[in-house]
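Down below is the structure, laid out as structure tokens.
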Amino acid sequence: MSRRPMMAANWKMNKTVREAQEYTAALLPRAADAKEVDVAVLVPFTCLHEVARMAEDTVVTAGAQNFYYEDSGAYTGEVSVPMLLDVGAGAVIVGHSERRETFCETDDLVARKTKRAIEAGLLPIVCVGETKEERDAGDMWDKVSGQVRRVMEEFEDADGESIVFAYEPIWAIGTGDTATPEDAQDAIGKIRDLLREAADRDFADTVRILYGGSVKPENAAEIMAQQDIDGALVGGASLEVASFVELVEAAQNAVTPSEQTED
Ligand code: PEP
């Protein structure tokens with residue numbers, strides 16, 4: 001695979017600063033062993049500064065789970081891109097389904113935020129995905145392609161390395177109900193084809209597209225073996241550092257199967 005795999009932990013609304021310190025201290029040496037994998041931890045705002053400080057000059061990128069696209073002003077409760085950069089963030093999740101569904105984030109808002117992150121050099125991990133009802137009704141591709149197209153409308157000269165997409169079928173998030181590797185590959189392959197049209201071949205060949213939805217050590221190797229899947233965005237199984245390390249190792253082993261990392 002020419003694209004560098006990424007394993008990204010989404011801690012959601014979990015961990016105190018002390019817990020984040022313990023996790024990060026345990027992760028850093030193990031992540032350093034996975035030389036061909038980009039490792040990101042997307043953490044709550046309250047521990048971002050500390051995780052970013054600990055991860056500085058290491059292979060681990062610290063990032064946030066959300067922000068607002070204006071730089072400052074009367075937006076009570078929001079955090080801006082300059083604020084994230086100030087505390088050392090290198091990446092940010094945009095349009096996670098929990099934000100789209102619970103906090104009513106629209107495709108337009110997600111597209112504006114993605115544009116702002118890219119302008120500022122912050123790597124957006126843009127989530128797209130369908131509900132169970134949409135999938136059962138045969139509307140999966142309408143939904144997902146609409147979300148991807150709206151983001152791509154913001155770009156003229158898109159650089160595939162400046163953005164990461166994550167296909168996260170909503171019915172698979174936090175449910176234990178993973179998409180089969182074939183279904184995940186099918187959706188992600190279609191997204192890559194769409195990006196070929198919406199941008200160009202170079203963009204589509206370079207951009208990383210992750211799968212998210214109940215990824216765990218038991219299913220990671222099969223998912224990582226799919227041609228168009230470049231890694232995973234992981235919620236539940238990223239909360240324990242031991243299982244997240246196993247996922248990082250699975251990504252490394254997908255690149256260099258003969259050099260299995262040791263425990
Ligand atoms: C997520 O939160 O992006 C996610 C994929 O969660 P989980 O791994 O728990 O399904």
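The values are calculated or read from the model by the stated rules, or taken from the named source; none is laboratory data. On a predicted model such as this, the values are computed, not experimentally measured, just so you know. Ideal geometry is used to build each Cβ from the backbone, glycine not excepted, and the neighbour counts take in all protein chains shown. Only protein heavy atoms, including side chains, enter the accessible area calculation; ligands, DNA and RNA are left aside. Shrake-Rupley method; radii C 1.70, N 1.55, O 1.52, S 1.80 Å.
Computed over the Cα atoms, what is the radius of gyration of the range 127-168 divided by 2.2 N^0.38 Å, N being its residue count? Present the calculation step by step, with values, prior to reporting the outcome.
Values: Rg = 12.0 Å, N = 42, 2.2 N^0.38 = 9.1 Å.
Working it through for the range 127-168, the quotient is 1.32.
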Can you pull the percent of Cα pairs in the range 54-199 with separation above 19 Å? 54 percent
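Compute the Rg/Rh shape ratio of the chain: radius of gyration over Kirkwood radius, all on alpha-carbon atoms.
Reported Rg/Rh, Kirkwood definition of Rh: 0.94.
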Counting only protein heavy atoms with a 1.4 Å probe and every protein chain in place, the carbon and sulfur fraction of the accessible surface of the chain in whole percent equals 46 percent
Ranked by GNM mean-square fluctuation in the chain (Cα springs under 10 Å), the top entry among P169, P44, P82 is P82
With Kirkwood's inverse mean 1/r over C-alpha pairs for Rh, give me the Rg to Rh ratio of the range 14-91, two decimals please. 1.01
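Considering Cα pairs under 8 angstrom that are at least six residues apart, work out the relative contact order of the range 155-263 and quote it in whole percent. Could you put the intermediate results ahead of the total?
Numbers: 165 pairs, mean separation 30.5, N = 109.
For the range 155-263, the relative contact order is 28 percent.
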Spatial separation of Cα centroids for the range 79-104 and the range 1-66, in angstrom: 15 Å
Restricting to DSSP loop positions (anything but H, G, I, E, B) with no more than 13 other Cβ atoms inside 10 Å of their own Cβ, which trypsin sites (Lys or Arg not before Pro) remain in the range 1-109? K35
Normalise the Debye intensity by I(0) for the range 1-136, one equal point scatterer per Cα, no solvent, then take log10 at q = 0.14, 0.21, 0.22 Å⁻¹ and round to two decimals. -0.67, -1.30, -1.37
Send over a whole-number figure in Å² for the accessible area per residue of the range 117-187, probe 1.4 Å. 44 Å²
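Out of every Cα pair in the range 198-263, what percent are spaced more than 20 Å from each other?
On the way: 676 of 2145 pairs.
The share of Cα pairs beyond 20 Å in the range 198-263 comes to 32 percent.
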Step by step: find N for the range 76-159, compute 2.2 N^0.38 Å, then divide the Cα radius of gyration by it. What's the final number? 1.18
According to the Kirkwood expression over distinct Cα-Cα pairs, how big is the hydrodynamic radius of the range 151-208, in Å? 12.4 Å
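I want to verify the translational diffusion coefficient of the range 112-263 in µm²/s; compute it with Stokes-Einstein, Rh as the Kirkwood radius over Cα pairs, at 20 °C and 1.002 mPa s.
Diffusion coefficient, whole number: 134 µm²/s.
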Over the range 180-236, what portion of Cα pair distances is larger than 19 Å, expressed as a whole percent? 28 percent
Once the dipole of the range 75-146 is set up with Lys and Arg at +1 and Asp and Glu at -1 on Cβ about the Cα centre, which of C127, V87, T106 lies farthest towards its positive end? V87
